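Chemist: This is the structure I want to talk about, given as structure tokens.
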Amino acid sequence: MLYLCATPIGNLDDMTFRAVNILREVNLIAAEDTRRTRKLLTHFDIHTPMIRFDENCKATVAEKILARLQAGESVAVVSDAGLPAISDPGADLVKLAVDAGIKVSPVPGANAALSALICSGLDTSKFLFAGFAPKTQKNRRDFLQKLSTVDATIIFYEAPHRLKTFLTELVEVFGNRRATLARELTKIHEEFLRGTLDELIAALDEVRGEFVVVVEGQTQTQVSPPVNETVAQVVEKFIAQGLDKKAAMREAAKIFNVSRREIYNALLEEDT
Ligand code: SAM
């Protein structure tokens, strides 16, 4: 059996009884970072042998793990935190195991995305987990553009040093939607910041800790332009107030609660 075993995302008390038992009983633990997992194992008095299984070595190590599974041994995969295979190693191994006819079983527990979603105050009936956005700006824009029409709450992971840039791009592509930043979940400084994307950007001064970004889907926003004006008229007004065209389009996007690209397209349409 290959077990996909959740570990805490902050608070060690979130380790489940079953996770402790499974990690004690299996023949081998495949860990993303053996030093980090060693601390967890020591805390719970678990003495099972470990093998390193991370993004760099997964191709070679996966073969070894598969051979042991095929020989009848049981293996548990753990990541640094939360559920393996969710923005963490594990998914490839599951695929190989499934293809080889080996049984796979979850040992559920903590997960940052779902923990953030359920406390976000946003619609939980339909959601999309988008994970980390690509690192290059062009790919990130394309990625966000594709998600901008999704009619479901969207969940992102983001590193603290990229969070402000990410939120700024998000508001440019998505428009000024409602969102929740879930910070340091289950830890001492756990915090939820709720508001529009613009409000959240303004509220963030020092960005420290781990974050999940939860954003409302496209049709969840009430698009109600406050004025009876065309997009072009609103953009012109801002230009008359001294903004350049790009900034004027950004302000118009906020008013119409749409992305800047949509404002651009509307201007083209109004022109024809
Ligand atoms: N496998 C993990 C899970 O199931 O949640 C996710 C691992 S991913 C490499 C790490 C990202 O998850 C972080 O950059 C952050 O976005 C999010 N994350 C993990 N722990 C968190 C926490 N305690 N509070 C807020 N976000 C967290």
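The values are calculated or read from the model by the stated rules, or taken from the named source; none is laboratory data. Just so we're clear, the structure is a prediction, and the values are computed from it rather than from any experiment. Note that each Cβ is placed from the backbone with ideal geometry, even for glycine, and that neighbours are counted across all protein chains shown. These area figures cover heavy atoms from the full protein model, side chains too; ligands, DNA and RNA do not enter into them. Shrake-Rupley method; radii C 1.70, N 1.55, O 1.52, S 1.80 Å.
Chemist: Report the residues of the stretch 117-140 in range of a label on Ala203: point 7 Å along Cα→C-beta, backbone N strictly under 20 Å from it.
Modeler: 117-124
Chemist: For every other residue with a beta carbon closer than 10 angstrom to the beta carbon of Pro134, add +1 if it is Lys or Arg and -1 if Asp or Glu, then tell me the sum.
Modeler: On the way: positive: Lys135, Lys138, Arg140, Arg141; negative: Asp142.
Within the 10 Å Cβ shell, the charges total +3.
Chemist: Could you work out how far apart the two model spin labels at Ala59 and Arg261 are, taking each label as a point 7 Å from the Cα in the direction of the beta carbon, and quote it in nm?
Modeler: Distance between label points: 3.3 nm.
Chemist: Which one of Thr219, Thr180, Thr60 has the biggest mean-square fluctuation once the chain is modelled by GNM with Cα springs under 10 Å?
Modeler: Answer for the Gaussian network model of the chain: Thr60.
Chemist: Oh, and also: Counting DSSP beta bridges with both partners in the chain, what percentage is antiparallel, nearest 5?
Modeler: Restricted to the chain, the bridges split so that about 45 percent are antiparallel.
Chemist: Same structure, new question: Residues with beta-carbon under 11 Å from that of Thr153, excluding Thr153: net charge, scoring Lys, Arg +1 and Asp, Glu -1?
Modeler: My count for the surroundings of Thr153 gives 0.
Chemist: Related question: By the scheme Lys and Arg +1, Asp and Glu -1, what is the net charge of all other residues having a beta-carbon under 13 Å from that of Leu83? Numbers along the way, then the final one.
Modeler: On the way: positive: none; negative: Asp14, Glu32, Asp80, Asp88.
Value of the local net charge: -4.
Chemist: Starting from the Cα of Ala100, step 7 Å along the direction of its Cβ; do the same at Leu268; then give the gap between the two resulting points in nm.
Modeler: About 5.1 nm, to one decimal.
Chemist: Quick one: compute a quarter of the convex hull surface over the Cα atoms of the stretch 114-215 and quote it in nm².
Modeler: Working: hull surface 23.1 nm².
The Cα convex hull of the stretch 114-215, projected and averaged over all directions, gives 5.8 nm².
Chemist: Using a 1.4 angstrom probe, figure out how much accessible area the stretch 32-146 has per residue, in square angstrom, rounded to the nearest whole.
Modeler: Working: 6410 Å² over 115 residues.
Here the per-residue accessible area is 56 Å².
Chemist: Would you mind telling me the share, in percent, of accessible area of the chain contributed by carbon and sulfur at probe 1.4 angstrom?
Modeler: Accessible surface attributable to carbon and sulfur in the chain totals 52 percent.
Chemist: May I ask you to give the solvent-accessible area per residue for the stretch 231-271, in square angstrom, as obtained with a 1.4 angstrom probe?
Modeler: Accessible surface, normalised per residue, equals 61 Å².
Chemist: Turning to a different aspect of this structure: Can you pull the three principal axis extents for the Cα set of the chain, in Å, largest first?
Modeler: For the chain, the Cα spread along each principal axis is 73, 39, 30 Å.
Chemist: Here is a further query. As a quick test, which of the pairs Lys64/Lys95; Lys146/Lys245; Lys58/Lys103; Lys58/Lys146; Lys95/Lys146; Lys58/Lys95 have an alpha carbon distance above 21 angstrom in this structure? Display every interim value, and only then the final one.
Modeler: Working: Lys64/Lys95 15 Å; Lys146/Lys245 25 Å; Lys58/Lys103 19 Å; Lys58/Lys146 30 Å; Lys95/Lys146 26 Å; Lys58/Lys95 13 Å.
In this structure, Lys146/Lys245; Lys58/Lys146; Lys95/Lys146 exceed 21 Å between Cα atoms.
Chemist: Treating the angle as unsigned and between 0 and 90°, give the value, to the nearest 10°, between the Cα long axis of helix 260-271 and the longest Cα principal axis of the chain.
Modeler: Approximately 40 degrees, to the nearest 10.
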